[in-house]
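Heads up, the thing below is written out as structure tokens.
The values are calculated or read from the model by the stated rules, or taken from the named source; none is laboratory data. Note that the coordinates shown come from a computational prediction; the quantities given were computed from them, not determined experimentally. For neighbour counting, all protein chains shown are included, and Cβ atoms are generated from backbone atoms with ideal geometry for every residue, glycine included. When the accessible area is computed, the model is the full protein with side chains, heavy atoms only, and any ligands, DNA or RNA have been set aside. Shrake-Rupley method; radii C 1.70, N 1.55, O 1.52, S 1.80 Å.
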Amino acid sequence: QVQLVESGGGLVQPGGSLRLSCAASGTIFSINSMGWYRQAPGKQRELVAAITSIGITNYADSVKGRFTISRDNGKNTVYLQMNSLKPEDTAVYYCNAYWAALGRYWGQGTQVTGSS
């Protein structure tokens, strides 16, 4: 059974940093792409950043220059380094992974709160 387990969320002051991690398990198939989405209260879920198996990245305009996505293919893990956090970054962050052989899976979500 495929599982995505996220960690690293929490409360941080504006201007601070957090690092999210998401580890995939339960399959021998290689992951095609991984990414992070977020959903703030009353808003739709939106893409934050994504990365392909060969390291091509894509970012939402609102996080460019502040967030960095990376992955360790050997560990089936994706990371999101978040710097210069703003109150508007507050949301539940969801890990996402896509396998051509299996389809798309989601993590359970981790809360990130940027507040003083």
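Observations
- Verdict on residue 41 being within 14 Å of residue 109 (Cα to Cα) and not aliphatic (A, V, I, L, M): yes
- Every condition in (1) open to solvent by 60 Å² or more (accessible area, probe 1.4 Å); (2) on the phi < 0 side of the Ramachandran plot holds for residue 4 except the one numbered (1).
- Of 62, 17, 84, 70, all but one fail to be in contact with a Gly (Cβ under 8 Å, 6 or more places away or on another chain), of a type outside the set (A, V, I, L, M, F, W, C) and at pLDDT 95 or above; the exception is 84.
- Check on residue 52, open to solvent by 50 Å² or more (accessible area, probe 1.4 Å) and among the β-branched types (Val, Ile, Thr): no
- Restricting segment 52-104 to residues that are touching a residue at least 12 places away in the same chain (Cβ under 8 Å) and of a type in the set (Asp, Glu), the residue that is nearest to residue 37 (Cα to Cα): 89
- When the strands (runs of 3 or more DSSP E) confined to segment 11-116 are screened for residues that are aliphatic (A, V, I, L, M), those reaching at least 3 such residues are found at 18-25, 46-52, 77-82, 91-99.
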